[in-house]
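The values are calculated or read from the model by the stated rules, or taken from the named source; none is laboratory data. This is a predicted model, so every value here is computed, not measured. Positions of Cβ are backbone-derived with ideal geometry, glycine not excepted, and every protein chain shown enters the neighbour counts. Keep in mind that these areas ignore ligands, DNA and RNA; they rest on the heavy atoms of the full protein, side chains included. Shrake-Rupley method; radii C 1.70, N 1.55, O 1.52, S 1.80 Å.
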Amino acid sequence: MGAVSVLLLAPVAYGVPAAAQPDAPSAAQPTTAAAAAAKGAGSALLRASERNVIPGEQVSLSAKVKKKSVKRLSPKERRKAKVVLQRRAGKSWRATGKVKLKRALKRKVSFSYAAPADAAGTIRLRTVVKVGKRQIKVAQLRLPVAAQQLSATPGALVTSAPLEFATSLTPVRSGRELSVQVYKDGAWAPLVSGAADSAGNAALGGQAEGYPAWYRVSAAEFNGAPAMATEPVRTTLDKVPGLIAHRAGAGTAPEQTLAAVRQALAAGVPSMEVDVQLTKDRQPVILHDATLARTTNVEEVFPDRAPWNLADFTLAEVRTLDAGSWFGPGFTGQRVPTLDELLTAIGGRAHLVLEVKAPELPGNDQVDEVLAEQLATGQLGQVAAAGKLTVSSFNAGWLESFAVAHPDVPVGVLSFGAPSAAQLDVWRGWAEQIHPNFALSQRAQLADARNRGLTSSVWTVNTVAQFRAAVALGPDRIITDFPARLAEVLDPPRPS
């Protein structure tokens, strides 16, 4: 009754006889399960669902006991006997599962085995039939421990090209999910998913984000085998948009003041945008709103002059106002600058985008004449001659008239959304640029404008999320209160 038989050792998925199973996966041609069984000398079988095991992975094992292997057991002993799965631990064997012998004699029985997370080398398993203190008929199986390996070779890593990865995963596990992930706002998010083929290879491709971002390929957790990922790689922009400091850099200093101009120049901003309007005595000053109330202390100085429209104040009166303290105490004493004062402060060190505010309103109805005078005899003409002036307006009719009168000065049409193809066909006859709201624009629309010879400047982009969205549109320039934030989008920090 104590006789021991050597049993067939063969992983089910490959049908390799145990005697030929090496400690590492073999490249030999597998035989069929039937052929393997024919070569076996044992009366019981122990098979695994995989030919190797990953640390932490849970594999299925099947076992069957033939009646002749327990023929010496009495009927009573057979009823009590169990088939026990054991794992070799040092010099001893430890039970990891058991089923009744009665079941194993009728059909194959299954065990589930989880490899230790620190497993290495080869895991040795066996089944024994135990009854009382005796155990008989051992079937053994050696499972090589395989380290997970995932490689991914990216194709072009520019935002304008499709994002494609050629991946390889070993050991092969049918159905294991692979995914390309993008790092967004402090977390990895799936971009596209797929599964490796029978050799562990896969081609994963999808549409990358339109801004520089970090990507990696990940293999999902699988039957207890931990998830794994490749080292991240980053895409780059093949065309970096220019920057225009909105209202001379309204995010870091009181808008449209000389303090804002100085900060923008110190930051190296290549262009700045400001708004020009006329005072009551026909003097061009730099102010965004029709009223002085929001950005000056006009309500304190002239309490009885509501609604404090600029068109109701002379330049001398405007000069008495504080245009900086509303932004912060460090800017107390800043004034609303004149056009000449602004041009002197810039000194040709940045391109000027001069937006003409509401030329249709009574207070500004002479702005075209004033600008004509400035272009003919003032500093504005010198700036234009140096190629550092663009004039823009939401009033396309007025802007067309200006463009016809001053063909050497580039003009940009401001709009809330990207213009239609029909509008572009009209505007390209006299305009050089479009300035749409970034949030209402699409990449195809800006490309359509570019195909018609028009460049684009999108507004107003301030947060990092907005910069990402704006960069993805592919504009020629971005108008922003915070020019420094583009750098964070162009060079995102590597994920930790």
Out of region 190-213, which residues are hydrophobic (A, V, I, L, M, F, W, C), open to solvent by 40 Å² or more (accessible area, probe 1.4 Å) and within 29 Å of A487 (Cα to Cα)? L191
Taking only region 417-436 into account, find how many residues are open to solvent by 30 Å² or more (accessible area, probe 1.4 Å) and closer than 22 Å to M272 by Cβ. 1
Scan of region 392-428 for residues that are of a type in the set (S, T, Y) and under 20 Å from V356 (Cα atoms), ordered by number: S392, S393, S401, S415
Taking A115, is it open to solvent by less than 70 Å² (accessible area, probe 1.4 Å), touching a residue at least 12 places away in the same chain (Cβ under 8 Å) and under 45 Å from the mean Cα position of the chain (by Cα)? yes
Here the residues within region 369-381 that are of a type in the set (A, V, I, L, M, F, W, C) and either surrounded by 15 or more Cβ atoms within 10 Å (Cβ to Cβ) or in contact (Cβ under 8 Å) with a residue 12 or more places away in the chain (or both) are V370, L371, A372, L375, L380
Would you be able to say whether some residue in region 148-163 is part of a strand (DSSP E or B), more than 20 Å from the chain's Cα centre (by Cα) and without any contact (Cβ under 8 Å) to a residue 60 or more places away in the chain? yes
If the requirement is being open to solvent by 20 Å² or more (accessible area, probe 1.4 Å) and out of contact with any helix residue (DSSP H, G or I) (no Cβ under 6 Å at 6 or more places or on another chain), which of these qualifies: T159, T127, T122? T122
What's the number of the condition Q140 fails, among (1) modelled with pLDDT under 95; (2) part of a loop (DSSP other than H, G, I, E, B)? (2)
Restricting attention to region 343-368, and to residues there that are farther than 14 Å from A245 by Cα and touching a strand residue (DSSP E or B) at 6+ places or on another chain (Cβ under 7 Å), which single residue is surrounded by the most Cβ atoms within 10 Å (Cβ to Cβ)? V356
Before we move on, is R94 within 28 Å of G121 (Cβ to Cβ) and touching a residue at least 24 places away in the same chain (Cβ under 8 Å)? no
Residue check, G210 against (1) part of a loop (DSSP other than H, G, I, E, B); (2) more than 27 Å from A187 (Cβ to Cβ), all met but one. Which one? (2)
So is V391 in contact (Cβ under 8 Å) with a residue 60 or more places away in the chain, closer than 30 Å to T320 by Cα and open to solvent by less than 30 Å² (accessible area, probe 1.4 Å) or not? no
Residue count, region 444-472, condition within 22 Å of V426 (Cβ to Cβ) and open to solvent by 20 Å² or more (accessible area, probe 1.4 Å), comes to 10
